[in-house]
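Below: the structure, in structure tokens.
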Amino acid sequence: MRRVCLISLVGAGAICLGAVKTVASVAISFSAGAATETHNGGSALTAEKAVDGVFTSSSRGWAISGATGANNVASQAAVFPLSNPLELIYPVTFTLVFNDPTGAATKHILGRFELYATTAEAPTAASDESIWTLLTPTVANFSSTGGLQFNVDGGRVTYSSGTVPNFDSYSVTVDAVNLVRPVTAFRLKALADENYPAIGPSLPSAGPGLASNGNFLLSGLAATGGSNKVTADIATFIRSDQANTNHDLTAYLLSGSANNGSPRSRTLLGFDMSTLADNPVFNRVELDLTVKQLDGGAGSVLLGSTWNLYGVTEDTANNLFFSETQVTWNSRATGIPWNTPGGDFDPLLLASVTLDWEPVVGDVITLVGTGALTSAVSSAIADDETLYLMLMQGGEGTNSARRFLFVHSESSGTLAQAPTLRLTQIPEPLTTLMLLGAGLAASLMRRRRRSEG
């Protein structure tokens with residue numbers, strides 16, 4: 001059985017609002033070569049240098065020398081495109097590091113800034129302001145050798161007090177954002193003091209940095225986000241012709257039936273929804289299955305077959321859905337029979353797909369969820385529960401051809417090949433019409449090409 005590795009989105013010593021939920025975390029990869037900025041301090045001081053993973057005198061990070069507050073009162077911005085667009089933002093934690101590898105830019109720490117996201121294609125620092133969505137911190141955790149304190153007002157983070165150290169790093173967690181397309185880039189906007197010189201600078205030389213000349217040096221930027229996917233940690237199947245046999249150790253999952261109705265097989269899945277962040281933004285759930293092998297039986301065909309997903313009902317007397325290592329066609333667990341052999345399930349359809357092609361090994365079959373599946377996933381996330389599901393062939397036993405589907409289990413193949421629930425946010429009809437009117441129809445109607453790697 002494969003277990004999901006759990007990593008906290010907030011670093012050690014974080015200050016959290018309310019209970020902390022440990023969630024599956026993924027590192028967000030930046031495309032260093034595509035990073036741009038409105039101003040830089042030289043060839044070694046560009047946005048690209050902040051995300052290239054190199055810390056040398058020729059790759060120091062992003063700085064804006066010559067365009068800082070008192071010298072030229074203007075905010076500056078750097079755009080960091082992602083290597084792979086994010087289909088959904090859960091809370092995302094950014095780590096901003098101010099540690100010049102040359103040791104020269106002491107106290108060059110950012111004092112006022114905002115973070116943004118965009119879904120636009122090929123965004124740059126020169127892109128129109130309208131493409132950016134302001135991100136709102138829910139947790140602003142700053143680890144400082146000088147004990148720096150910051151105010152958070154909406155999306156704006158501003159230094160308030162504390163002795164400025166030579167070097168520092170920030171960890172900032174932002175809330176989920178309801179965007180209808182994959183996020184392509186983040187933007188860091190370094191904010192000069194807009195009141196200077198009328199009122200006088202609140203940051204050195206009107207900022208946005210805390211150095212005496214208002215400059216800063218961002219030597220590193222990293223980000224982690226909660227995954228929008230959850231992999232089955234429970235996966236097995238049951239067979240009518242082996243009614244008292246548990247198949248948990250089998251290297252595949254089997255569903256389907258012969259054309260005469262015997263044997264029949266059904267797949268049982270369990271997804272631990274406590275591994276997802278609270279309150280994710282989604283309105284669509286899909287189940288991805290990867291074909292492991294083909295049925296060698298005579299007359300086998302999958303073209304035109306339908307596969308349906310249902311919720312397994314609980315035996316409330318025993319507080320049990322089923323035991324992965326004991327479940328059989330006849331029993332949920334040893335000594336606890338199903339009410340109906342073959343498993344007890346709610347007849348409400350949760351997801352379905354009808355195959356319009358003949359699958360081959362490695363193909364990904366996606367069952368599109370109904371509103372009922374979206375609701376079930378939401379409830380399971382809120383309650384930190386495991387969601388128990390049953391996959392079976394539509395009209396099993398009445399088909400005119402042999403139809404058996406062999407897919408990867410949670411312990412065969414790679415993690416990407418395991419049964420996976422995928423949460424996405426798609427436009428509501430009204431939103432779609434509004435965006436069509438804005439000339440974005442082509443982008444919204446583009447089908448996402450799913451990577452299998």
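Just a few scattered comments:
- Sorting the segments 368-380, 86-98 by their mean number of nearby beta carbons within 10 angstrom, highest to lowest, gives 86-98, 368-380.
- Overall dimensions of the chain as given by Cα atoms, namely Rg and Dmax in Å: 26.5, 86
- Within the straight-line cut-off of under 13 Å between alpha carbons, the aspartates and glutamates reachable from Lys49 are Glu37, Asp100, sequence neighbours fewer than 8 places apart in one chain being disregarded.
- Crossing angle, helix 371-382 versus the chain [Cα axis fit, 0-90 degrees, rounded to tens]: 60
- Element breakdown for the chain at a 1.4 angstrom probe: carbon and sulfur atoms account for 50% of the accessible area.
- Sorted on the mean count of surrounding Cβ atoms within 10 Å across their residues, most packed first, peptides 33-46, 182-195 read 182-195, 33-46.
- Simple label model, 7 Å out from Cα along Cβ direction - Glu129 to Glu194, nm: 0.8
- Remark: spin-label model distance Val54-Glu121 equals 3.0 nm, labels positioned 7 Å along the Cα→Cβ axis.
- Rolling a 1.4 Å probe over the protein heavy atoms gives the chain an accessible area of 42 Å² per residue.
- Rounded FRET efficiency, nearest 0.05, which uses the C-beta distance separating Ser212 from Ser300 and R0 of 60 Å: 0.20
- Measuring only protein heavy atoms, the 1.4 Å probe finds Ser169 accessible over about 40 Å².
- Take 322-330, 231-239 and order them by the average number of nearby Cβ atoms within 10 Å per residue, most first; the result is 231-239, 322-330.
The values are calculated or read from the model by the stated rules, or taken from the named source; none is laboratory data. For clarity, every value in this text was computed on a predicted model and none was experimentally measured. Every residue, glycine as well, gets a Cβ built from its backbone with ideal geometry; the counts of neighbours run over all protein chains shown. The area values use the complete protein model at the heavy-atom level, side chains included, leaving out ligands, DNA and RNA. Shrake-Rupley method; radii C 1.70, N 1.55, O 1.52, S 1.80 Å.
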